[in-house]
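Notes to accompany the following structure.
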Amino acid sequence: MPDTSHVFGVATQVNNYSYVDRDNLDQKLSRFLRRQTHVAIKGPSKCGKSWLRQKCMTDAIIIQCRLDMEPEDIYRQALSALHIPFDLQRSSATTIAVNGSAGGKIKFPIIGESELSGELHTNYERNCGVELDFSSSIENLEFVANSIIQSGKRLVVEDFHYLGLSARKKLAHDLKTLWDYKCFVVIIGVWTQANLLTYLNSDLTGRIEELSISWTDKDLNQVIENGSAVLNIEIDSNIKNSIVKDSFGNVGILQSLLLRLVEDEANISETSRYKHFITNPGWYINAAKSYANQLDGLYQQFVQTLSKGIRQRKRSTGIYALAMQAIVEADDAQLMNGYSRGDIFNKTNAIEPRILKGNLKTVLQKIAT
């Protein structure tokens, strides 16, 4: 019998018991993966992007982006995961130094063979000129592409939005070169702009397919029904409606609320032989409060940033206050589907013509972080 935490909740692995294939995205992604094209998967945080990828890709090279990473760091990690030596240095006679992650053996003159495993930093000194062997360098995208292709795996770049703008642009241009070498990549991240990669590099037009993940109330209700059937429980319809409404179209929020409601409040930790009915609205209120408390630090930081920006001074444009006014006055549908900087600028500039797009961008970035 499955535990409740294996049915509901946010997890690194797919909760198959409550998984829902919304809008046939499984089939769409599988179709794209059969084509000679890159694939981009976009959507809000915790909307199921990685679960979708796991469902359709059983064997991949997963690279998790971090702040300050560059495309070369992605290639280093990919080759290290495949245990392929890279960035070799050589003399006119032989290779004499290796940096990277490798497995197996490498031959050196005179001293014979050396076992290689784990992170590799091997050097052999000779009195002759040394140069980088470009054929095995991460600067050589043909070498990187061929190494990935020969592995039989597909490169997946997760959290693309963590990369800086310059790194994103460079990777977008590298994707065109990798496509030329028949190495097709899956890019996953959070962004609202349609066809972002093509915007960063127009040469990707026709060479990349983009999937946008969103959830309808019907899809979210299906998650509840699937998981409830497995656990042999029934949740009151009013509580279900509240969970769906409070999830704002995000399955990650829904899963978190369900886990807190069923396991923490109703005290159901696994599938029961007899059917349980969850009807106490107080249990859901407690579950929702528990989830909201996790966001307290985020909102405290938000308030501090906003309060510092809103300051009274002569000839101030009031850009912080006006930006927040535009956001607060937007309806839920606009905010959930993506409220663009252009929309906010149009509203704020109409009230205060001195507000500039560049300044608004800076303010919104500060508020977001």
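Points worth noting:
- Reciprocal mean inverse distance between Cα atoms of the range 1-59 - Kirkwood radius, Å: 12.7
- Between helix 237-247 and the chain there is an angle of about 50 degrees, using the helix long axis and the longest principal axis of the Cα atoms.
- Over 30 Å apart at the Cα level, from the set LYS42/LYS308; LYS245/LYS357; LYS28/LYS218; LYS153/LYS218; LYS240/LYS308, are LYS42/LYS308; LYS245/LYS357; LYS153/LYS218; LYS240/LYS308.
- Fluctuation leader among GLY297, GLY206, GLY152 - the chain, Gaussian network, Cα springs under 10 angstrom: GLY297
- Residues in the chain average 55 Å² of solvent-accessible surface per residue, probe 1.4 Å, ligands and nucleic acids excluded.
- Nearest 10 degrees, 0 to 90: helix 217-231 Cα axis against the chain principal axis: 80
- Around ASP26: net Lys/Arg minus Asp/Glu count, Cβ-Cβ under 12 Å: +3
- When the solvent-accessible area of the chain is split by element, carbon and sulfur atoms take up 48 percent of it, the probe being 1.4 Å.
- Of PRO281, PRO44, PRO353, the residue with the greatest mean-square motion in the GNM of the chain, using alpha carbon springs below 10 Å, is PRO353.
- Extended-chain gain in nm, criterion 0.36 nm per residue less alpha-carbon gap, GLN365 and GLN193: 60.3 nm
- Rounded tilt (10° steps) of 71-81 against the dominant C-alpha axis of the chain: 80
- Per-selection Rg to Rh, the range 201-354 - Cα, Kirkwood hydrodynamic radius: 1.12
- Each label was represented as a point 7 Å from its Cα along the Cα-to-Cβ direction; for ASN232 and TYR181 these points are 5.6 nm apart.
- The value of relative contact order for the chain, using C-alpha pairs under 8 Å at least six residues apart, is 20 percent.
- Residue among SER340, ASN359, LEU204 farthest towards the positive dipole end of the chain, charges placed on Cβ: ASN359
- ALA350-GLU139 pseudo-label distance in nm [points 7 Å out on the Cα-to-Cβ vector]: 5.3
- Set of aspartates and glutamates near LYS55 by C-alpha distance (under 12 Å), chain-local residues within fewer than 8 positions excluded: ASP21, ASP26
- Here's how it looks for GLU209: its modeled amide H is under 5 Å from those of HIS38, VAL39, ALA40, which are all 5 or more places away or on a different chain.
- GNM on the chain, alpha-carbon springs under 10 angstrom: the most fluctuating residue among PHE302, PHE160, PHE134 is PHE302.
- Rg in Å to one decimal, and Dmax rounded to a whole Å, for the chain via C-alpha atoms: 25.6, 81
- Point-to-point label distance, GLN304-LEU33, nm (Cα→Cβ direction, 7 Å offset): 4.3
- Computed over the range 194-347, relative contact order equals 18 percent, with contacts defined as Cα pairs under 8 Å that lie 6+ residues apart.
The values are calculated or read from the model by the stated rules, or taken from the named source; none is laboratory data. Since the model is a prediction, treat every value here as computed from it, not as a measurement. Glycine also receives a Cβ, built like all others from the backbone with ideal geometry; neighbour counts cover every protein chain displayed. For the accessible areas, the whole protein counts, side chains as well, though only heavy atoms, and no ligand, DNA or RNA atoms are used. Shrake-Rupley method; radii C 1.70, N 1.55, O 1.52, S 1.80 Å.
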